[in-house]
Amino acid sequence: MKIDSHQHFWKYNPTEYSWISNEMNVLKKDFLPGDLFTELTKYGMDSCIAVQARQCPEETRWLLELATQNDFIKAVVGWVDLCSGDVKSQLDEFTQHRKFVGVRHVVHDEPDDNFILRDDFLNGISLLKNYSLTYDLLLFPKHLPVAERLVSMFPDQPFVLDHISKPLIRHKKIHPWKEDLLRLAAHDNVFCKISGMVTENDWQRRQMEDYIPYLDIVFDAFGENRLMYGSDWPVCKVAGDYSHVLNVVERYMEKMPEGVREKIIGLNCREFYFK
């Protein structure tokens, strides 16, 4: 099964999606399951993981409703308030749904760079293993050292790094992202999504060669068993359509054994979210 490990749905309104700037006008519309199903089918993908885009319990409930209605949405990574004293009741509610598999918080928008080391956040993370839930790390490169401290504190908690931590591909900046990524990847409870790269590149003058140094580092850091493809659809549309995003990963892997390609495009995602 070919699984897209990372995509979003939304009913657009400027208040809830204020991060969508005027230069992202292509995103100022609804993106719903039928739209994605067309793309997945066209490019030979079978299913997807829906990831939260709003930080409210209603987002998680809505994504779970969509997953119930659409079998190709195999799982939901939702949002709960990990810092709340009420976090356990939220987890109790959402884990009643079999497709609720993980949690994400938009950490890179927090003004405190050490947000994920706050006592209340750590308490929320400490509960996830009891519910067999994963955690998606949404970070900028500057957060990688803090994330490394977090994952070291919870060696039995499965984490996955979204968007290879958004390195500055458009500026061809490698350091210190590389060194910090390698330190994070040294923890075997951390996986990584090969996603989000096209939006970190120059949207108009992107070339395959731009991605190769970053992919080389990511494959060296995590290996074939802890990487998974994600489109970041529809956000990717600011820089390229679904075929472009998928093509970057497939071209990079074209000389790799078929078994490796199968791991990256589906098997590792299934192992991470469904084991």
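Assorted remarks:
- Integer Hz, Karplus 6.51/-1.76/1.60 couplings in order for region 95-100, x for Gly and Pro: 6, 5, 9, 5, 8, 7
- Rounded percent of accessible protein surface that carbon and sulfur make up, region 92-240, 1.4 Å probe: 47 percent
- Straight-distance crosslink candidates among lysines, where the alpha carbon sits under 27 Å from residue 142 and sequence neighbours closer than 8 are dropped: 129, 166, 172, 173, 178, 193, 237
- Per-residue ³J(HN,Hα) for region 238-248, Karplus 6.51 cos²θ - 1.76 cosθ + 1.60, θ = phi - 60°, Hz, x for Gly and Pro: 5, 10, x, 7, 4, 5, 5, 4, 5, 5, 4
- Accessible surface, per residue, of the chain when the full set of protein chains is kept, probe 1.4 Å, Å²: 43 Å²
- Annotation: extensible slack from residue 25 through residue 118 equals 29.9 nm (criterion: 0.36 nm per residue apart, minus Cα-Cα distance).
- Distance from the Cα centroid of region 14-93 to that of region 150-190 is 23 Å (rounded to whole angstrom).
- Shown in residue order for region 70-86 are the 3J(HN,Hα) couplings computed by the Karplus curve 6.51 cos²θ - 1.76 cosθ + 1.60 at θ = phi - 60°: 10, 5, 5, 7, 7, 6, 10, 9, x, 10, 10, 7, 5, 8, 7, x, 9 Hz (x for Gly and Pro).
- For the pair residue 153 and residue 275, the difference between a 0.36 nm per residue extended length and the Cα-Cα distance amounts to 41.8 nm.
- Residues with amide H under 5 Å from that of residue 161, placed H, sequence gap 5 or more: 137, 191, 192, 193
- Note on exposure: 1, 208, 256 ranked by accessible area (1.4 Å probe, complete protein assembly) read 1, 256, 208, with the most exposed listed first.
The values are calculated or read from the model by the stated rules, or taken from the named source; none is laboratory data. This one's a predicted model, so the numbers in the text were calculated from it and none came from an experiment. Remember, those area values only see protein heavy atoms, side chains included, never the ligands or the DNA or RNA. Shrake-Rupley method; radii C 1.70, N 1.55, O 1.52, S 1.80 Å.
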